[in-house]
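In what follows, a structure is listed as structure tokens, so that the remarks can point back to it.
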Amino acid sequence: MGNAELVAMMLADGRLPTGGHTQSGGLEPAVRAGLGADGKQLADVAAYARDRLRTTTRVEAAVAVLTRHLSLCGTKVAPGDENVPQTALVEAAWAARVPSHVVRGVSRRQGRLLLRLARRVWPDVSTYLPNDGEIARPVVLGVVGAVTGLSAEQVARTVAYDDAQTVIAASLKLLPVDPADAATWLAGLHDDIERLVKDVAPLTRIDEIPADGAPLIDVFAHNHAIERMRLFHA
């Protein structure tokens with residue numbers, strides 16, 4: 001199982017071979033739409049990451065926390081079991097809160113990559129999830145958290161930090177950003193991350209998953225999906 005703190009660090013490491021380097025957290029289309037244009041108002045990157053923490057990322061963190069909780073309660077995928085596994089119900093609740101099919105598709109592709117890695121590193125995830133398939137990334141993260149001993153707080157913090165770091169790291173490739181400024185923006189998001197953790201860590205029921213949306217981020221995602229020239233997948 002290993003040390004839970006080290007597992008959390010692994011999951012938040014952008015060098016983990018799960019395709020994180022292909023993601024900008026929607027920052028690339030936001031930049032194309034004018035965020036930080038002409039090198040001005042670069043601190044808007046931090047504001048954008050903060051908006052994600054309060055909306056889409058909050059939903060994902062809650063889904064990961066719920067998945068972890070239900071996995072620890074013993075809901076498993078058993079051969080021949082006719083009952084719908086709780087993880088599938090959580091994913092359905094997640095999908096209902098993510099109206100954009102583009103955003104859902106991105107998350108499921110990332111989830112598939114994470115699941116493929118997790119099956120090698122933490123084989124017990126196969127007890128709770130099918131061996132193949134496109135499953136929402138927060139659902140896979142929640143199962144990994146359950147089998148590796150992560151607390152609900154650690155799972156939520158991992159989701160939140162990963163999203164914020166994805167946006168901030170992408171800004172270094174998309175805009176004329178000083179790396180020291182980028183690190184300062186990320187540090188400035190710590191309180192926002194901890195507020196998110198405090199909000200979602202106690203959740204234990206599917207109907208408690210928040211439904212905070214960000215329609216403009218969905219619009220950005222749809223526009224980006226049909227761009228012929230792009231640096232990041234999403």
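The values are calculated or read from the model by the stated rules, or taken from the named source; none is laboratory data. Model, not experiment: these values are computed from the prediction. Ideal geometry is used to build each Cβ from the backbone, glycine not excepted, and the neighbour counts take in all protein chains shown. To get the accessible areas, we keep the full protein, side chains included, count just its heavy atoms, and leave off ligands, DNA and RNA. Shrake-Rupley method; radii C 1.70, N 1.55, O 1.52, S 1.80 Å.
A simple spin-label model places pseudo-atoms 7 Å from Cα toward Cβ; at L16 and S151 they are separated by 1.9 nm. Basic side chains Lys and Arg get +1 at the Cβ, acidic Asp and Glu get -1 at the Cβ, and with that the dipole of the chain about its Cα centre reaches some 480 debye. For the chain, what is the relative contact order in percent, using Cα pairs closer than 8 Å and at least 6 residues apart in sequence? Relative CO of the chain lands at 37 percent.
Take 4-10, 112-118 and order them by the average number of nearby Cβ atoms within 10 Å per residue, most first; the result is 112-118, 4-10. Distance from the alpha carbon centroid of region 174-234 to that of region 19-35 works out to 10 angstrom. Helix 137-148 axis versus longest C-alpha principal axis of the chain: approximately 50°, rounded to the nearest ten.
Multiply the residue gap between Q41 and K173 by 0.36 nm, knock off their C-alpha separation, and tell me the result in nm, one decimal place.
On the way: separation 132, 0.36 × 132 = 47.52 nm, distance 1.61 nm.
Additional length available on full extension: 45.9 nm.
For the Cα atoms of the chain, what angle does the longest principal axis make with the long axis of helix 56-72, in degrees from 0 to 90, nearest 10? Between helix and principal axis, roughly 20 degrees. Could you please state how large a percent of the accessible area of the chain is carbon and sulfur, counting protein chains only and using a 1.4 Å probe? Of the solvent-accessible surface of the chain, carbon and sulfur hold 53 percent. The share of C-alpha pairs in the chain whose separation exceeds 33 Å stands at 14 percent. Label 7 Å along Cα→Cβ of R119; region 13-53 residues with amide nitrogen under 12 Å? From region 13-53, the list is empty. Between V219 and M9, the FRET efficiency estimated from the beta carbon spacing at R0 = 25 angstrom works out to 0.15. Expressed as a fraction of 2.2 N^0.38 Å, the value expected for a compact globular protein of N residues, the C-alpha radius of gyration of region 144-234 is 1.31.
Dipole orientation for the chain: of the candidates T18, A4, V200, T18 has the Cα lying most toward the positive pole (charges on Cβ; Lys, Arg +1; Asp, Glu -1).
Ellipticity at 222 nm from helices only: DSSP H runs of n ≥ 4 in the chain, each -39500 (n - 2.57), divided by the residue count, give -19000 deg cm²/dmol.
Of G111, Q165, H190, which is farthest along the charge dipole of region 90-195 in the positive direction, counting Lys and Arg as +1 and Asp and Glu as -1 at C-beta? Value computed over the given set: G111. Build a GNM of the chain with springs between Cα atoms under 10 Å apart, and of L186, L66, L216 the one that fluctuates most is L216.
Taking a ≥ b ≥ c as the square roots of the eigenvalues of the Cα gyration tensor, region 119-182 is classed as prolate, since a/c reaches at least 1.5 and a/b is larger than b/c.
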